[in-house]
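The next block holds one structure in the form of structure tokens; read it before the comments.
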Amino acid sequence: MEKKILNNYGSFDVVFTKGKGSTLWDVKGKKYIDFLSGIGVNCLGHNYKPLVKAISDQAKRQIHISNYYLSDIGLVFADELLAITGFEKGYFGNSGAEANEAAIKLARKYGQLNGGAKRKTIITLENSFHGRTLATLTATGQAKFHVDSFAPYPEGFKTIRANNYDDIKTAFDDTTAALFIECIQGEGGVNLVDVDWAKAAAKAARDAGAIVMADEVQTGIGRTGTFLASDFLGFEPEVVTLAKGIAGGVPMGACLFRGKAANVFVAGDHQSTFAGNPLACAAGCVVAETVSDLNFLDRVNRTGEYIRKTIKDWNIPFVKEVRGRGLMIGTQIDSSINPADIKVRCLEEGLCVTTAGSDVVRFLPPLNISDKEVNEGLSIFHKVLQEFSAK
């Protein structure tokens, strides 16, 4: 397959043919429990009937129109998303990197309008991840992504340490355009941002004349048990970026604005050919209506707590910590074992997981995963961890 498709992803030699709920089957008929959901994309699992129907019905009407015009379903989805989140305006894109690029461009323009050419610095967090375009790679607070092959990188980015109060004392000045917080550092290791620190950092940024932005590409759309993770953290960003689960598997991203950020962009500032196409918006409506339900979010929290507690109760010697919120879960492994090896063995046993940082096995199951599938997946994970413990 690598001869036909460039293997930038280090893909495994597994070819999936179908899925239902949180279960997948490969071409050989082997069954897998999906604790990855396309890296948080398939938030309602596979073959979710209301989502399939909405996509099918919309495909019969129209799939795409130019953004020189408006679509009826696009207006409906925009209204729903803004009503749920409390934002004033939004821009649709196709991915998390696109959404973050929009946020970066808006922050730069905001800085120009509110301080001139010197106000251009965007502050992000160490261990954050914001995407793989040149700008979002630079914004990413992990040196391993800043390889020389892609240099030179754009200027105007600076990192501080999450949950470190000393850093925010000196981080912000009249050159700061924005503070960009990844609400839980997913790729960096499922690292939690402290509520009080987030509020203090946001206040320091605003006191310096900057706006505050939240990267919710992975944490948004119910993943962490509230529709937005920034709702839990309480720092009320002027800009929030969304993608992954926003349309249940159809490529889509969004950048939402309010307050000082609401009227920064004007016609021509930022555009995209495929953005906000009717097919993605139809899927987004189903996701928004489903995931915003408080009973649904309550179950996300209860299921996540059950998974974390179960793993902790196993008392596996090399498991250092189990952390996360909602169904964004990281199991930290000590240095005696490579988490990538655990990922491989899980796949061999029929469980899809991934890694994060250098020492974490990460779970991002569908938000509506059944109790039966949770327990099947945990049984496989337990078996694999016991194997490594016995070595």
Residues located in the stretch 281-300, provided they are buried (at least 16 other Cβ atoms within 10 Å of the Cβ), farther than 13 Å from G45 by Cβ and polar (S, T, N, Q): S292
Unique residue being under 22 Å from the mean Cα position of the chain (by Cα) and at pLDDT 95 or above when the list is G284, G276: G284
Test: residue in the stretch 202-220 that is modelled with pLDDT under 95, out of contact with any Pro (no Cβ under 7 Å at 6 or more places or on another chain), charged (D, E, K, R) and surrounded by fewer than 23 Cβ atoms within 10 Å (Cβ to Cβ): no
Number of positions in the stretch 310-366 that are within 26 Å of D13 (Cβ to Cβ) and of a type in the set (D, E, K, R): 7
Sole exception among (1) within 19 Å of G45 (Cα to Cα); (2) not in a helix (DSSP H, G or I) for F274, by number: (1)
Answer from G131, G86, G90, G74 - the residue that is surrounded by 14 or more Cβ atoms within 10 Å (Cβ to Cβ) and on the phi > 0 side of the Ramachandran plot: G131
Answer residue from the stretch 101-124, given it is among the polar types (S, T, N, Q) and under 26 Å from the mean Cα position of the chain (by Cα) and is surrounded by the fewest Cβ atoms within 10 Å (Cβ to Cβ) among those: T121
Test: residue in the stretch 258-265 that is buried (at least 23 other Cβ atoms within 10 Å of the Cβ), over 22 Å from Y68 (Cβ atoms), small (G, A, S) and under 16 Å from the mean Cα position of the chain (by Cα): no
Per-region count, the stretch 221-247, residues open to solvent by 10 Å² or more (accessible area, probe 1.4 Å) and not acidic (D, E): 5
Residue check, T136 under 25 Å from A243 (Cα atoms), of a type in the set (V, I, T), buried (at least 23 other Cβ atoms within 10 Å of the Cβ) and out of contact with any Pro (no Cβ under 6 Å at 6 or more places or on another chain): yes
From the options V384, V374, residue that is touching a Pro at 6+ places or on another chain (Cβ under 8 Å), open to solvent by less than 30 Å² (accessible area, probe 1.4 Å) and either part of a strand (DSSP E or B) or hydrophobic (A, V, I, L, M, F, W, C) (or both): V374
Lone unmet requirement of (1) assigned to a loop (DSSP other than H, G, I, E, B); (2) more than 22 Å from the chain's Cα centre (by Cα) for P366: (2)
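Residue-wise test of (1) free of Cβ contacts under 8 Å to residues at least 60 places away in the same chain; (2) open to solvent by 70 Å² or more (accessible area, probe 1.4 Å); (3) hydrophobic (A, V, I, L, M, F, W, C).
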| residue | (1), (2), (3) |
| --- | --- |
| G19 | yes, no, no |
| S22 | no, no, no |
| V27 | yes, yes, yes |
| G38 | no, no, no |
| N47 | yes, yes, no |
| Q58 | no, no, no |
| Y68 | yes, yes, no |
Top-ranked residue of the stretch 178-197 - restricted to ones that are touching a strand residue (DSSP E or B) at 6+ places or on another chain (Cβ under 8 Å) and outside any strand (DSSP E or B), ranked as surrounded by the fewest Cβ atoms within 10 Å (Cβ to Cβ): G189
Residue match in the stretch 154-168 (condition: in contact with a helix residue (DSSP H, G or I) (Cβ under 7 Å, 6 or more places away or on another chain), charged (D, E, K, R) and open to solvent by 10 Å² or more (accessible area, probe 1.4 Å)): yes
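The values are calculated or read from the model by the stated rules, or taken from the named source; none is laboratory data. What you see is a predicted model; the values in this text were computed from it and never measured. Virtual Cβ from ideal backbone geometry, glycine too; neighbours counted across all protein chains shown. Side chains are part of the model used for accessible areas, which takes the heavy atoms of the whole protein and leaves out ligands, DNA and RNA. Shrake-Rupley method; radii C 1.70, N 1.55, O 1.52, S 1.80 Å.
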